[in-house]
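The next block holds one structure in the form of structure tokens; read it before the comments.
The values are calculated or read from the model by the stated rules, or taken from the named source; none is laboratory data. Computed from a predicted structure; not experimentally measured. Reconstructed Cβ throughout: ideal geometry from the backbone, glycine too, with neighbour counts over all protein chains shown. Side chains included, ligands, DNA and RNA excluded: accessible areas come from the protein's heavy atoms. Shrake-Rupley method; radii C 1.70, N 1.55, O 1.52, S 1.80 Å.
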Amino acid sequence: MQAAAGWAPSCHRSPRPPCSTQPSGVKAREAQSLSSSPLAAAGLGAAPTLAWAAEGPEERGKRWGNLGCPQGLAQGLWLPSGLSPRPPPAIPAALQQRAVPWPCRSAEAEAAAPRPGGSGCRRVLKMAGSSAPWIGSAYLFLQSTCKTIALPSLYESSQKKPSVFKALKLALADSTGSVNGVDMLKVHCSHPHLIVQLKFCKQENCRRFLQSYREGVLQESLQNHLQLALAMTTVPLEMELKAGNEHLDNMLKDEDRCLECIYREKPDRLRDEEITELEEYLQSLILHQNINNNLPAKDCASLNSPSLPSPGSSPSPQVTFLFQGQQFANRTLTPDDHQKFAKLVSKKWKQVGRSLQRNCRALRDPVIDNLALEYDREGLYEQAYQLLLRFIQSEGKKATIARLIAALEENGLTSLAEELLGLHSHEDS
């Protein structure tokens, strides 16, 4: 008892702070105190680890229990240098309740901390992604099953185009329940298909569209609107919906998977200027109908005109144009025109691009400067080629020779204009 009582102050020393290291001098002093402590009187001597190895768990528990030594001493015992560490002695169950949680935060905080892949982590990810807008894109392929009706040809016709566009706009509005539920970015004519590039800005609208498409409501609505707009008895249609490389018709029953595919495909372009013109024309037509309520629907439909003027927009293709006092037939640019322009325009390709950009959204700043930097190593030919390629891809059928000739004349490139028109004049500009 005297030995135990004499050891009590050293035994109940303050525990070392968590996550800290003891200086080597402190370890040496502690080791020296152990060699002259009551441990020697208890029979452990200067090398307590050897005694631990010789005794059984029950004997070690009794010995430590008789000494009244807490659990912390055995677990935090510092040994003199040169001694091999041994497992700590078994601690009685009654003393195990006095253990301090390790590391330094409490057991409650440790349990509440989120684990990788756990629900807490998922909640954080969900909150982080909730602020991003839901935007997706898809392509709607349309084809008439009637051999006498070619939708691309109808859309390419300047007289029929507004009517086809109106039918598309109304049918899409019916499918989502809102005029702005889905945006048309561009309409492509690829015989025999009419391909509509769609943009969705809300998941709810996209879900309604998918439901309408799956149930055949969209198909029926578009057939009815085309029948009225084109004054035809019937316009039978086939539809196909794609998002990237995925054919959504094969997975329409799995609505969430369709939404995921559409969300994964982000729009790769802005709205085409032609779509903006057609929408402005449609709005003016509706306004005109509201003012003249006494006009029958067929008279309002007859208001469709070949040209759809819009401030700052590109003009509709002309039939002919004047150059140096001569009449020339207008046409879309050909690959041969493309090659000649890139070969002969030289350093003035940027000036021509700035003339074309007035009525071409795809060439607006900083697109031209970016092309100059991106294709600087390839040289002037590639820079000019990429410029005209952007113009042709954006404008489609409206990328005409008349617009390019006007841009060349504006920048003094008369000889290049004559070359494109086949006049074979090689005078310097």
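Can you tell me which residue in segment 215-263 is most open to solvent (accessible area, probe 1.4 Å), limited to those that are part of a loop (DSSP other than H, G, I, E, B) and acidic (Asp, Glu)? Of everything passing the filter in segment 215-263, Glu215 is most open to solvent (accessible area, probe 1.4 Å).
Which members of segment 264-287 meet the condition of being under 17 Å from the mean Cα position of the chain (by Cα), closer than 30 Å to Lys398 by Cα and either of a type in the set (S, T, N, Q) or surrounded by fewer than 15 Cβ atoms within 10 Å (Cβ to Cβ) (or both)? Result: Lys266, Asp268, Arg269. Taken over segment 318-336, the criterion of being over 14 Å from Arg390 (Cα atoms) and part of a helix (DSSP H, G or I) is satisfied by Asp336 alone. Considering only residues that are surrounded by 14 or more Cβ atoms within 10 Å (Cβ to Cβ) and among the basic types (Lys, Arg), look in segment 329-349 and name the one that is nearest to Tyr381 (Cα to Cα). Result: Lys343. Being surrounded by fewer than 19 Cβ atoms within 10 Å (Cβ to Cβ) and closer than 29 Å to Lys161 by Cα: is that true of Leu389 here? Judged against the criteria, Leu389 is a match. Filter segment 409-425 down to residues that are touching a residue at least 60 places away in the same chain (Cβ under 8 Å) and aliphatic (A, V, I, L, M) and give me whichever is nearest to His338 (Cα to Cα). Top of the filtered list is Leu420.
Report yes if some residue within segment 398-409 is within 31 Å of the chain's Cα centre (by Cα), open to solvent by less than 50 Å² (accessible area, probe 1.4 Å) and modelled with pLDDT under 95; otherwise report no.
Within segment 398-409, one or more residues are within 31 Å of the chain's Cα centre (by Cα), open to solvent by less than 50 Å² (accessible area, probe 1.4 Å) and modelled with pLDDT under 95.
Restricting attention to segment 181-211, the residues that are more than 23 Å from the chain's Cα centre (by Cα) and open to solvent by less than 10 Å² (accessible area, probe 1.4 Å) add up to 1.
If you go through segment 372-382 one residue at a time, do you hit one that is in contact with a Leu (Cβ under 6 Å, 6 or more places away or on another chain), surrounded by 15 or more Cβ atoms within 10 Å (Cβ to Cβ) and either in a helix (DSSP H, G or I) or β-branched (Val, Ile, Thr) (or both)? No, the conditions are met nowhere in segment 372-382. Being among the aliphatic types (A, V, I, L, M), more than 21 Å from Gly136 (Cα to Cα) and touching a strand residue (DSSP E or B) at 6+ places or on another chain (Cβ under 9 Å) holds for only one residue in Val187, Val164, and it is Val164. Within segment 131-177, the set of residues being in a loop (DSSP other than H, G, I, E, B) and over 18 Å from Glu274 (Cα atoms) comprises Ser131, Ala132, Pro133, Trp134, Ile135, Thr145, Cys146, Lys147, Thr148, Ile149, Ala150, Gly177.
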